[in-house]
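What follows is a set of notes on a single structure, which appears directly below.
Every read-out reported here was derived from the displayed coordinates using simple, explicitly stated rules and does not represent laboratory data. If you're wondering where the values come from, they're calculated on a predicted model, not measured in any experiment. When we count neighbours, we look across all protein chains shown, and the Cβ atoms used for this are built from the backbone with ideal geometry, even at glycine.
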Amino acid sequence: MDAKRMKEVLTAGLLKENPTIRLLLGMCPSLAVTTMTKNGIGMGIAATAVLIGSNVAISLVRKIVPDKVRIPVFITIIAGFVTVVQLLLAAYLPDLNRQLGIYIPLIVVNCIILARAEMFACKNGPLLSTLDAIGMGAGFTAALLVIGSVREILGSGTWMGIELTSHLFSPAAIMILPPGGFLVMGCLIAVVNKVSLVRTGRRAIAAQAGQCSGCGNAEGCAGCASGEGEGGKA
Amino acid sequence: MKELLSILIGSLFIENFVLSKFLGICPFLGVSKRRETALGMSGAVVFVMGLAGMCTWMVNAWILVPLHLEYLQTIAFILLIAALVQFVETVLKKTAPPLYKSLGIYLPLITTNCAVLGSALIHVERGYTLPQAVVYSVASGLGFTMALVLFSGIREKLETCDIPESFKGMPISMVAAALVSVAFFGFAGLVLPG
């Protein structure tokens, strides 16, 4: 196993295949617990812990488990790790546990964890699966951190509980209410789309330079480009 | 009776599962592109959620609590829901082929629908009685249905709109969901007895 492949696996989850923003998995916790940055990070770390445990366990038993019953087996393994995390949180971080509430047991049905079990851990060894879990968990945590920060700063004028904007503007409470979650999530995905559009767009334009005037779709192209410009302003 | 009614109205409008509790977002965004699929999915969800609400209540009150095994709640509930979905699928296949045909493809997806496990965990947390738990689960399922069907109408309209390239698809759906969620805030002023 070469170092390059390991690095690839580790970094895939951060941006290229970010589970929340690119693959749109695990939406429920990403929207529900990000009213405060601290809760978002707590949720991210709890889910990462479960993901590492379940990925390693599943990659170890992948050759023993018959194909037909693999989903129930995976879910049981995941539920076991979730219970462990839940009990640990209740014992050592009771405040966080109370604020995350039912979203901690709901990590069981977080699609990221089952998706990684299905797509990665049941095909790869324990070492690669650990790296994958760390990468994906970090990507999930990072996404929650960004969403949580935006919502907390705009919605209550604080960040991690530190007063930030008391004199600049009065916070818009709607950002920490449910609609704000959808709004921030939508804008975040759009920004990431925009960045990747600009990147691929540049390459495409470079490739097509000089051919555009003769092309029958020239008008459509121009319309497209102006549409992108508007997107950027918004 | 009054209490059951206030649970029904409350979970339909005020704490709608999708729009204010963020449970069941994946199917909400995944199958809301067309109204027919939205109806199919939500029919299956209401059915399974009602059954799951009843079964999880019984398992919790008659097995887990007497044996002091409450910490196994998460594992027990998710296995119960998975088994229930499998059972419903088999029964429907044998007894009601037309219904199976229309709901069949949605059933396996329900196991990992967090609304089902969520409603089970919430009714235990609130200490509902059996009828209250069943009403709560069914009403939450209906709330999910309502959100899904309303939203599928909006998404059908969105398809013909001129949307900036980077907002196409999921981002604009999220923004639309935010607006629907704002609309549901109007119900927050309802004062319920009990």
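As a footprinting exposure proxy, order B:K21, A:K38, B:K157 by other Cβ within 10 Å, with the fewest listed first.
B:K157, A:K38, B:K21
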- Message: Please report, ordered by residue number, every helix of chain B (full DSSP H runs) that is 30 Å or longer along its axis going by C-alpha atoms and whose mean Kyte-Doolittle hydropathy reaches -0.5.
- Response: B:35-59, B:73-95, B:130-158
- Message: Can you give me the C-alpha center-to-center distance between region A:120-142 and region B:158-178, rounded to a whole angstrom?
- Response: 31
- Item | Of B:M58, B:M49, B:M41, the one that fluctuates the most in a GNM where chain B has Cα springs shorter than 10 Å | B:M58
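Starting from the Kirkwood radius over alpha-carbon pairs of region A:124-175, derive D by Stokes-Einstein at 4 °C in a medium of 1.567 mPa s and give it in µm² s⁻¹. Don't skip to the answer; put the middle values down first.
On the way: Rh = 12.9 Å.
In µm²/s, the coefficient is 101.
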- Note on the structure: Output field shielding_mean for A:114-121 (other chain Cβ, 10 Å radius) holds 0
- Query: Just counting partner chain Cβ atoms within 10 Å, what average do the residues of peptide A:61-73 show around their Cβ?
  - Reply: 1
- Message: Net charge within 14 Å of A:A117 by Cβ-Cβ distance, Lys/Arg positive one each and Asp/Glu negative one each, not counting A:A117 itself?
- Response: +1
- Message: Please report the spacing between the Cα centers of region B:51-104 and region A:30-80 in Å, no decimals.
- Response: 21
- Item | Max mean-square fluctuation residue, GNM over chain B, Cα-Cα springs under 10 Å, options B:V116, B:V91, B:V31 | B:V91
- Message: From zero outward in steps of 10 Å, how is the percent of C-alpha pairs of region B:21-187 spread across the bins?
- Response: 10, 35, 31, 18, 5, 1
